[in-house]
Amino acid sequence: MRVPLPWLREYCDPALDVHQIEERLTMTGTKVEAIHHHGVPSPDGFVVGRVLSAEQHPDADRLKVCTVDLGAEDGQPASIVCGAPNVAAGQTVAVARPGAVMPDGTKLKRAKLRGVVSEGMILSESELEIGAGSRGILVLDSPDGAGGGQLLDAELAPGTPLEEVLAISMDVLELEITPNRPDCLGVYGVARELHAATGAPLAEPPWSEDPGSDGPVAGVEVIVACPELCPRFTARAFEDVTIAPSPPWLKARLSAAGQRPINNVVDITNYAMLLSGQPLHAFDLDRVAGARLTVRRAHDGEQVQTLDSQTRTLDPEMVVIEDADGPTSIAGLMGGARSEVEPDTTRVLMEVATWNGPNIHRTSWALGLRSEASGRFEKGLQPEQCLHAQAIATQLMIDLCGARVAPGTIDVGLESADWIASRPTIRLREARVRAILGVPVARARQVEILNALDFATEEREDGLDVTVPALRREDVAREVDLIEEVARIDGLERLPATLPARRGAAGKLTHAQRVRRAAEDALVGRGLHEVVGWSFTEPELLDRLKLPPRHELRRVVALENPLSDSQSIMRPTLLGSLLDAARHNVSRNGPDVAIFESGTVYRASHDARPADEHHALGALLSGGLEPSSWRGERREADFFAAKALLGALLERFGLDWSVAPATWPFLHPGRSAAVLAIPGAGSALAQADCGGEADCGGEAVGGGEAVRLGFIGELHPLVADAWDLQRGAAFAIDLGKLAALASPLVEFTAFGPFPPLRQDLAVTLPESVAAAAALAAVHGAAGELLEDARVFDVYSGEQVGEGRRSLALALSFRALDRTLTDEDIAPVRARIVAALQELGGELRG
């Protein structure tokens, strides 16, 4: 909701600037999303002028040369060239002088137009952003409203600053009103909040004086056939109505609030709605067939043409307002075309009603129709607000339309209403306030806050009896609700940080939480940035990841009531949001991406069990691993970069891990693998079930039973292309399994006092034998003396033969009780060679 600050200050004007007001409102729960500026950047240079003459331009048929009195000290008028068709001598107009800055940032200068000097600009409504301005310049003293003007109470002197006449430059607060606070959907409701938050005086409600009267309205009848959906329906009749443009001040406020000025009657309904929070609707009374309105449920398949010229088909759960010829509008959403106010309207029936909020929300959703009215009604307006809006509209109809209000007010629902007495009185105990907030709040301060918010209070021995105002009856129903009101106005930021009574309990992180944080820290420590993606995603993601029809990841959890088609399923993998984040960065000239995400993934169960949820950790690398420099070609992200990153993560938990050949549709078929790990000593898992980012169970690796944690590999070229990436590598693991595998205790292994003995070994193997398999065979045959084994070189070529490759292994041996000799290592080396020969290996050199 947009609230122009000058309009707000009319009812509560604290000695604070716009940013201080924004802070106070936000800190007390009425969040200010943004501060906008409407109109000209500064009022300097904008003045009132009087046109002394308007002569035809000598060289342009559509231009006039105007002599305009701007109240100059030397008495000399200004010459201004104007192209508006309605400019004429004797008019009082708005003028921008040279040096004035227009809303679009243009700074006016003294210029020549077709050879004639122009010393400023005579302004239209659109140039001041106070209306459409389609009828030429803004005439400030037009008695018939021509040009959007209005007969002013006093003659304006030339040279008067324009800001004293019109709000041409104003700040506008954009508020996020929570669904439980429909009382703040009007300017006066926000002013009440500002009054409570700052202590500044609050003006009387704009509906405190009502020119209308009670009783029936002669010749008009209203019947409500569904009172459960329409608790209150009020209507007033107006005679001798003159339809005309609204005055500039009204147009300026509506435009700043985001409304488009139309004519004085329609603008009055919008103005009263913005001020009170209660929507209104104006009928042309002469077009209401039979002068009778009936509120009823719609018939199945019934159709209504609304003001937007759309024909809408209804069902029995929706409510219509009909006259003798049929439906005229959809209750609470939009009026009908048949009875709308026209330029020749002279009699108006002003309807203000209360509608059932959930029913309006359901109707709006079913018809795909949202309006300013429906957005308010669906939050639950109160019946008392009807006459608030009626009082405001009645006074404006008299002042701006020259209307005569007919005696009486139709008020259906007043006599049998149970809402009149439904204002609960709640005991607010001082001890309870202190217990909930952790600090006492003086009773006098509680009374001050609650009275400022329109609650009535009475002193009691242990606290206060508080009567809830009508407009808050749906929001405040318990003692804790009153405590919230006291706390937010007194200042939540002032409450000290306290802990509740523990009763012997001590809080600490679980093992799984510690593992999750340590894993995330490991990636952050190696330069990755964390991203946070949506848990919702689109079904098309499964096709973009090239998943076949019966793939495990296609067991998705579909939402019954999605926000949109692009968020209709729960994500089965983190890879989609990681790829989205990478594309976002690459498209904004950030080609080097190193990101990770820690979040939940979802799978539908095979049976009637609840959906399977697992916390996963995924990472994605794309582009270069370091910035370009003079040292030569930089390294690009590939399988081995991702593997090194994964190793740094898993080795932090002391896990014995490896990778094994495996394929996934979204990974390169020759550069992908499964991530395997063996449970550490003291871990809670010896064998894990399938789920999360891991697609398989355990398998024998290196003599132990390994658990498949997830996947690692380079992106499939088609998948990378679908996200506009050149190349990338990713991995994802199930953090739940990682926590179960990792021991909660960190074991320390002492370094021996004796030096290691290193030997290198070169062996040729078939290309089908993975290096990991060779290393596993080495570890399995060597025994306890082998401290470390790694591959430090790979060679393929004519010297080793077709279909084979050479691996150079660095072997490190160490004993804790002596310095090893070649004779000690010889039998170990022989066992290693024998194990490699079983894999088809042959020693080189």
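The values are calculated or read from the model by the stated rules, or taken from the named source; none is laboratory data. Predicted model, so just to flag it, every value in this text is computed and none were measured. Note that each Cβ is placed from the backbone with ideal geometry, even for glycine, and that neighbours are counted across all protein chains shown. The area values use the complete protein model at the heavy-atom level, side chains included, leaving out ligands, DNA and RNA. Shrake-Rupley method; radii C 1.70, N 1.55, O 1.52, S 1.80 Å.
In table form, for the structure just shown:
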{"quantity": "Strands (runs of 3 or more DSSP E) enclosed by the stretch 1-94 - at least 3 residues per element that are hydrophobic (A, V, I, L, M, F, W, C)", "calculated": "31-39, 46-56, 64-69, 78-82"}
{"quantity": "Matching residues in the stretch 122-138 - criterion: being open to solvent by 60 Å² or more (accessible area, probe 1.4 Å) and either in a loop (DSSP other than H, G, I, E, B) or in contact with a strand residue (DSSP E or B) (Cβ under 6 Å, 6 or more places away or on another chain) (or both)", "calculated": "Glu129, Ala132, Ser134, Arg135"}
{"quantity": "Filtered residue count, the stretch 586-606, keeping only those that are open to solvent by 70 Å² or more (accessible area, probe 1.4 Å) and assigned to a helix (DSSP H, G or I)", "calculated": "0"}
{"quantity": "Unmet criterion (only one of (1) touching an Asp or Glu at 6+ places or on another chain (Cβ under 8 Å); (2) at pLDDT 95 or above) for Leu715", "calculated": "(1)"}
{"quantity": "So Glu651, is it free of Cβ contacts under 8 Å to residues at least 24 places away in the same chain, open to solvent by 30 Å² or more (accessible area, probe 1.4 Å), assigned to a strand (DSSP E or B) and out of contact with any His (no Cβ under 7 Å at 6 or more places or on another chain)", "calculated": "no"}
{"quantity": "Qualifying position, being within 30 Å of Pro201 (Cα to Cα) and either of a type in the set (A, V, I, L, M) or part of a loop (DSSP other than H, G, I, E, B) (or both), among Val466, Val532", "calculated": "Val466"}
{"quantity": "Qualifying residue in the stretch 108-119 (condition: at pLDDT below 90 and part of a loop (DSSP other than H, G, I, E, B))", "calculated": "yes"}
{"quantity": "Where a residue in the stretch 236-249 is among the small types (Gly, Ala, Ser) and its partner, wherever it lies, is surrounded by fewer than 23 Cβ atoms within 10 Å (Cβ to Cβ), with Cβ under 6 Å and at least six apart", "calculated": "Ala237/Val217; Ala237/Val220; Ala237/Ala406; Ala244/Gly145"}
{"quantity": "Boolean, Lys64 is free of Cβ contacts under 8 Å to residues at least 60 places away in the same chain and surrounded by fewer than 19 Cβ atoms within 10 Å (Cβ to Cβ)", "calculated": "no"}
{"quantity": "Residue pairs meeting the criteria (Cβ under 6 Å; at least 6 apart or on separate chains; first touching a residue at least 40 places away in the same chain (Cβ under 8 Å) and closer than 24 Å to Phe596 by Cβ, in the stretch 730-751; second open to solvent by 10 Å² or more (accessible area, probe 1.4 Å) and basic (Lys, Arg))", "calculated": "Leu735/Arg516"}
{"quantity": "Wholly enclosed helices (runs of 4 or more DSSP H) of the stretch 369-460 bearing at least 3 residues more than 16 Å from His281 (Cα to Cα)", "calculated": "385-401, 430-437, 443-452"}
{"quantity": "Scope the stretch 332-353; condition part of a strand (DSSP E or B), open to solvent by less than 10 Å² (accessible area, probe 1.4 Å) and either at positive phi or at pLDDT below 95 (or both); matching residues", "calculated": "Gly335, Gly336"}
{"quantity": "Count of residues meeting criterion [open to solvent by 10 Å² or more (accessible area, probe 1.4 Å) and in a loop (DSSP other than H, G, I, E, B)] in the stretch 303-331", "calculated": "9"}
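Yes/no matrix, rows are residues, columns are (1) out of contact with any strand residue (DSSP E or B) (no Cβ under 8 Å at 6 or more places or on another chain); (2) crowded, with 19+ Cβ neighbours inside 10 Å; (3) in contact (Cβ under 8 Å) with a residue 24 or more places away in the chain:
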residue: Arg460; (1), (2), (3): no, no, yes
residue: Leu464; (1), (2), (3): no, yes, yes
residue: Arg472; (1), (2), (3): yes, yes, yes
residue: Leu492; (1), (2), (3): yes, no, yes
residue: Ala519; (1), (2), (3): no, yes, yes
residue: Glu530; (1), (2), (3): no, no, yes
residue: Glu538; (1), (2), (3): no, no, yes
